[in-house]
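**Q** Here's a structure for you.
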Amino acid sequence: MADAPTILTVNTPRPLHGRRLFLFYSSAVLLTGVVSWLFADLLWRTGWSFSRTVLLVLFVVLFLFIAVGAMHGVYGFFLRMFDTQWSITRLKNYRAQDIADISTAVVFPIYNEDIVRVYEGLRATYESLQKTGQLERFDFFILSDSTDPDKRVEEERRWCDLIRELDALGRIYYRRRLNNEGRKSGNVRDFLNAWGRRYRYFMVCDADSVMRGETLVDLVKLMEAHPTVGLIQTVPATVNGESLFGRIQQFSNRLYAPIFIAGLNYWALDLGNYWGHNALIRTEPFMQYCDLPQLPGRKPFGGQILSHDFVEAALLLRENWEAWFAYDLEGSYEEAPQAMIENAQRERRWCQGNLQHGLVLFARGLRGVSRLHLGLGICGYLAGPLWLAFLLTFNWIHWFQNYTGLSSITVHAFTPYLNLSGTAHALLIFVICMVVIMMPKALALIELAYDAPRRRAFGGLERATVSVVAETVFSTLHAPLLMLWHTRFVVTNLFGVSVGWGTQKRAADGTAWTFAIRRHWGHTLIGLVWGAFMWRLGPSLFWWFTPVLAGMVLSIPLSVFTSRRSLGAHARRLGIFLTPEEIAPPMELVALRANMKVHELTEDTSPRRPHAGLAEAVLDPYVNAIHVTLLREKQFNPVYAEQFAGMGVGSPAVRTLSEKLLTGGPDQLTPTERSLVMTDPGTMVWLHHEAWLRPGESMAPWWRASIREYSRQDES
Amino acid sequence: MESAVNGIGALTDSSGQLAGRPLDEWNAAYEKVENYFHALRVRNKALLGQLVLRVLERAAHRAPTEASHSATQLAAEEMDRLVTEWFAEVLQESPAGSDQTLSTRGRLALLLADMPGRWQEQFLRPGPWPEEFVGAMRESFLRAGPDFQLSKMTPRPLDLGPIATLTNLGRIPYLRMVLAWTGFALLLVGVFWLTHGGFGQVKSSLAGVVDWFTQTYR
């Protein structure tokens with residue numbers, strides 16, 4: 001691990017947000033204004049029309065989005081180059097802070113996850129924390145919301161294995177809810193209602209989170225040093241990418257995110273945001289102010305707030321608590337989707353959540369900066385349909401021009417001193433747009449060039465430059481697909497239509513061709529039809545559109561090939577898309593990968609029989625004991641006791657169901673009935689007893705087969 | 001082990017039956033008991049055989065008087081009784097209890113004390129047992145969390161401002177009636193426009209589109 005940086009103690013008054021916000025957004029507006037002026041002039045030259053007004057409005061909005069993005073890059077670049085004291089890690093010398101009496105919970109809310117990966121991430125974090133000597137100040141909680149009975153049983157069994165291996169009995173806890181009310185935010189709320197008052201802080205992790213122990217300790221010390229701070233959000237580094245897509249995403253995250261977040265911190269400062277995980281939260285204000293209300297109206301906008309994080313941060317800020325981005329604190333990691341389709345699935349969920357923020361945007365009492373955070377999130381998804389509308393309007397104008405036979409250039413430029421031809425005028429605007437879009441990438445590279453340790457961490461400037469070029473080519477092809485996806489997500493959400501995607505069909509080495517065809521045939525068709533239309537409209541125009549069209553037409557092979565691990569590994573051998581965590585992996589990630597490899601090599605990965613979890617929970621004497629003990633303990637919580645009673649746990653009806661289960665097999669029961677049986681501790685003990693004591697012929701063949709298989713499996 | 005074999009062997013009669021039951025029946029009983037001990041991860045074959053025979057011997061003694069029960073049933077019951085009695089002794093708890101709490105606790109204690117890994121030879125063996133083993137068994141516990149410190153988070157009202165009005169549009173009285181009137185007004189305007197030159201415009205626009213496509217794709 002790198003040496004601890006020298007802390008420059010700064011005692012400064014509360015920063016002037018107004019001035020920073022004005023400066024930052026004025027820069028974006030100024031740039032947008034100048035370029036929009038040039039664009040309006042170009043449109044004016046060819047004769048004004050209603051469709052040109054629409055095009056101009058769309059241009060202004062879209063350019064403002066990219067200008068805001070570019071300004072994050074520019075401001076972040078200068079801040080990183082010339083240093084800044086305005087980071088929470090530099091405001092006070094927090095490292096000397098005593099945290100001896102401070103208790104912190106590290107929570108992992110999970111929902112039908114790959115439990116091996118979740119627990120190995122937890123193990124890596126736990127062991128890293130152990131090395132700091134501060135382990136006793138932290139408790140770990142696995143907060144399960146899993147609905148799949150097989151997953152639930154596996155979670156319990158592996159949790160018991162984990163605590164035995166780590167000798168972490170009474171240090172790592174496992175709690176499963178009886179229902180999924182409120183999804184992830186409800187899961188965390190349930191934890192807080194049961195144990196929140198025991199902990200001054202809680203760290204929310206995602207299923208794929210890994211935290212360095214020292215970072216966890218630093219976060220607690222930072223909180224202790226700043227009693228007015230309610231939330232510190234770390235900036236997780238994307239790691240463990242293996243496919244080409246995963247490695248490209250990981251590379252862009254590691255190279256570009258630092259300057260973007262530094263830019264974000266410039267205007268947000270103590271009015272930062274919460275991204276839902278890898279953040280430390282002060283429990284008391286969170287419990288007091290951040291229980292989310294139901295939104296009025298029908299789904300998808302009404303009801304439960306899906307993307308709870310932004311709103312929770314806004315509610316904390318409303319009550320004058322501070323939220324900071326600890327963007328210069330290393331040791332916070334997460335993983336990203338490994339294929340374009342998986343990524344789009346995640347985008348779909350986020351899109352719905354962000355659009356729902358439209359209802360909260362004008363809530364009374366929120367801080368203006370919170371509205372900005374919410375608004376930027378919404379804009380991220382509206383940009384797709386707006387870009388599509390821009391391109392279609394542009395096409396319409398050209399088609400109309402062709403159809404009416406009007407000449408393209410009718411008058412001189414409104415800015416005659418530029419002395420530009422129509423084509424040169426259009427080219428100038430295009431070049432400006434490209435520069436603004438590419439500027440953050442270029443600045444990230446320049447910053448890398450000036451930072452020798454970081455340059456080495458990316459494999460050298462030459463490799464990083466090649467990687468940026470390759471990443472730019474890929475993102476150019478990917479962007480039109482995101483445009484189409486986002487448009488679909490926004491439109492379907494606005495009309496309240498749920499888009500079913502089903503499960504990802506994976507080949508051994510990534511996305512299967514058939515699955516890619518099913519997901520992308522529409523994109524390909526749109527690309528081909530649009531391309532044919534553009535070609536007819538004019539070959540010169542067609543060539544301008546090729547980057548957009550190529551992404552669509554090539555979507556199927558692009559999706560399949562970028563999901564390939566082999567191509568990811570090949571790119572790595574060539575030194576492309578290298579990241580600091582690939583070149584010098586931190587101990588936590590080394591341990592995680594090693595343990596995952598052990599699982600991969602030693603565990604049977606063949607598909608399990610249907611209802612394998614039920615068989616295990618009933619037949620395995622130890623798993624049954626764990627399962628029943630956890631269920632019995634729930635009864636001490638009045639909330640769960642009430643839910644048990646409501647479900648009919650302990651009633652004769654459940655015993656009747658379990659008798660039916662024994663004699664008829666699991667298929668005789670509905671999933672709800674099976675779940676009810678598995679939730680009844682008394683019945684589960686009874687089933688274990690009966691399944692082993694009853695003569696085989698009095699039970700369903702499924703049980704006899706399970707007992708046989710179970711015995712053989714144990715023998716093997 | 002020898003005593004167990006001798007014990008059960010003594011119950012074999014001249015017709016080749018064991019305690020009045022055919023050997024096949026005892027074979028099934030053996031398998032049942034062995035499977036359960038397998039499930040408890042008793043992997044030492046010698047120990048496993050010895051334990052199974054102990055159970056079968058107890059079952060064989062009951063067999064002549066309980067003709068209605070199969071050998072498998074008797075063996076399963078004896079296995080359960082033997083294990084529960086042993087748990088009661090080791091954990092110093094009463095074996096009584098209809099909810100099988102002792103059985104659950106005992107199995108959990110076996111796991112947490114690592115009987116399958118460290119103490120296999122102690123399983124079902126009469127006491128005294130090594131102190132470390134007894135300590136590990138008795139101190140075993142499993143908890144989903146620390147002691148509850150219950151509270152209740154309550155959502156604070158959030159005034160959504162003007163948006164709330166939009167979401168409440170559906171609740172505005174006579175909304176449907178107003179929408180119907182608006183639709184009627186739009187229909188009147190549309191018909192008026194079509195009959196005052198609009199129809200010609202639509203017709204020429206459509207013709208233009210058709211012409212363009214015809215010319216382009218000819």
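None of the figures in this text is laboratory data; all of them are computed from the coordinates on show. Worth saying up front: this structure is predicted, and the values here are computed from it rather than measured. Here the Cβ positions follow ideal geometry from the backbone for every residue, glycine too, while neighbour counts run over all protein chains shown.
**Q** Specify whether the C-alpha gyration tensor of segment A:102-232 places it in the rounded, prolate or oblate class, a ≥ b ≥ c being the square roots of the eigenvalues: rounded for a/c under 1.5, otherwise prolate if a/b is larger than b/c and oblate if not.
**A** Oblate, because a/c is 1.5 or more while a/b does not exceed b/c.
**Q** At 7 Å along the Cα-to-beta-carbon direction for both A:A100 and A:V598, put a label point, then send me their distance in nm to one decimal.
**A** So the two model labels end up 3.6 nm from each other.
**Q** Which ³J(HN,Hα) values in Hz, rounded to whole numbers, follow from the phi angles of segment B:189-200 under the Karplus curve 6.51 cos²θ - 1.76 cosθ + 1.60, where θ = phi - 60° and Gly and Pro get x?
**A** Ordered by residue, 3J(HN,Hα) equals 4, x, 5, 4, 5, 5, 7, 10, x, x, 4, x Hz.
**Q** Now for a separate question. Where the Cα atoms of the protein assembly as shown are projected onto their three principal axes, how long is each span, largest first, in whole Å?
**A** 120, 71, 63
**Q** Could I ask something else about it? Just how large is the dipole of segment A:284-343 about the Cα centre, in debye to the nearest 20, putting +1 at every Lys and Arg Cβ and -1 at every Asp and Glu Cβ?
**A** Computed about the Cα centre, the dipole is about 560 debye.
**Q** Relative contact order, percent, of chain A when contacts are C-alpha pairs under 8 Å separated by at least 6 residues?
**A** Across chain A, relative contact order equals 17 percent.
**Q** Next up: Could you give the angle, 0 to 90 degrees to the nearest 10, between helix A:17-45's Cα long axis and the longest principal axis of the Cα atoms of chain A?
**A** It is inclined by approximately 50 degrees.
**Q** Can you list the lysines whose alpha carbon is less than 21 Å from that of B:K45, not counting same-chain residues fewer than 8 positions off?
**A** Within reach: B:K32.
**Q** Could you give the C-alpha radius of gyration of segment A:612-715 expressed as a fraction of 2.2 N^0.38 Å, taking N as the number of residues it contains?
**A** Compactness ratio reported: 1.06.
**Q** Could you tell me which residue out of A:H398, A:M438, A:G196 lies farthest along the dipole of chain A toward its positive end? Charges go on the beta carbon: Lys and Arg +1, Asp and Glu -1, centred on the Cα centre.
**A** A:H398
**Q** Roughly how many debye, to the nearest 20, is the charge dipole of chain A about its Cα centre, given +1 on each Lys and Arg Cβ, -1 on each Asp and Glu Cβ, and no other charges?
**A** Roughly 1800 debye for chain A.
**Q** A further question follows. Helix A:638-647 versus the longest principal axis of chain A: what angle, 0 to 90°, nearest 10, using Cα atoms?
**A** So the inclination is approximately 80 degrees.
**Q** Using 0.36 nm times the number of residues separating A:V57 and A:M438, minus their current alpha carbon distance, what extension gain do you get?
**A** 134.9 nm
**Q** Here is a further query. Which FRET efficiency, nearest 0.05, do A:T147 and A:V116 yield, Cβ-Cβ r, R0 22 Å?
**A** Given R0 = 22 Å and the Cβ-Cβ separation, E is 0.75.
**Q** Another question, if that's okay. Rounded to whole Hz and in sequence order, give me ³J(HN,Hα) for segment A:650-659 from the Karplus expression 6.51 cos²θ - 1.76 cosθ + 1.60, θ = phi - 60°, writing x for Gly and Pro.
**A** Result, rounded to whole Hz: x, 7, x, 4, 5, 5, 4, 4, 5, 5.
**Q** Would you compute, from DSSP H runs of 4+ residues alone, the mean residue ellipticity of chain A at 222 nm, taking -39500 (n - 2.57) per run and dividing by the full residue count, rounded to the nearest 500?
**A** Taking each H run of at least 4 residues, the total per residue is -21000 deg cm²/dmol.
**Q** So how do A:W521, A:W350, A:W692, A:W324 line up by other beta-carbon neighbours within 10 Å, fewest first?
**A** Ordered from fewest to most neighbouring Cβ atoms within 10 Å, A:W521, A:W350, A:W692, A:W324 come out as A:W521, A:W350, A:W692, A:W324.
**Q** Roughly how tilted is helix A:513-537, in degrees to the nearest 10 and between 0 and 90, from the longest Cα axis of chain A?
**A** 10
**Q** Putting +1 on Lys and Arg Cβ atoms and -1 on Asp and Glu Cβ atoms, find which of B:Q201, A:F636, A:S566 reaches farthest to the positive end of the dipole of the protein assembly as shown.
**A** Farthest along the dipole direction, towards plus: B:Q201.
**Q** How much net charge surrounds A:F577 when only the other residues with a Cβ under 10 Å from the Cβ of A:F577 are counted, with Lys and Arg +1 and Asp and Glu -1?
**A** Summing Lys/Arg as +1 and Asp/Glu as -1 gives +2.
**Q** Let me ask something else about it. May I ask which of A:K131/A:K184; A:K131/A:K634; A:K92/A:K184; A:K92/A:K221; A:K184/A:K299; A:K184/B:K152 have a Cα-Cα span longer than 22 Å here?
**A** A:K131/A:K184; A:K131/A:K634; A:K92/A:K184
**Q** Please get the size of the charge dipole for segment B:2-139, origin at its Cα centre, with Cβ charges of +1 on Lys and Arg and -1 on Asp and Glu, quoted in debye to the nearest 20.
**A** 220
**Q** Then there's this: When DSSP assigns beta bridges and you keep just the ones with both residues in the protein assembly as shown, what percent turn out antiparallel, to the nearest 5?
**A** 35
**Q** A follow-up question, please. Once phi is turned into θ = phi - 60°, what whole-Hz ³J(HN,Hα) does the Karplus curve with 6.51, -1.76 and 1.60 give for every residue of segment A:587-597, x standing for Gly and Pro?
**A** Taking θ as phi minus 60°, the curve returns 3, 4, 6, 4, 4, 4, 5, 4, 5, 5, 5 Hz for segment A:587-597.
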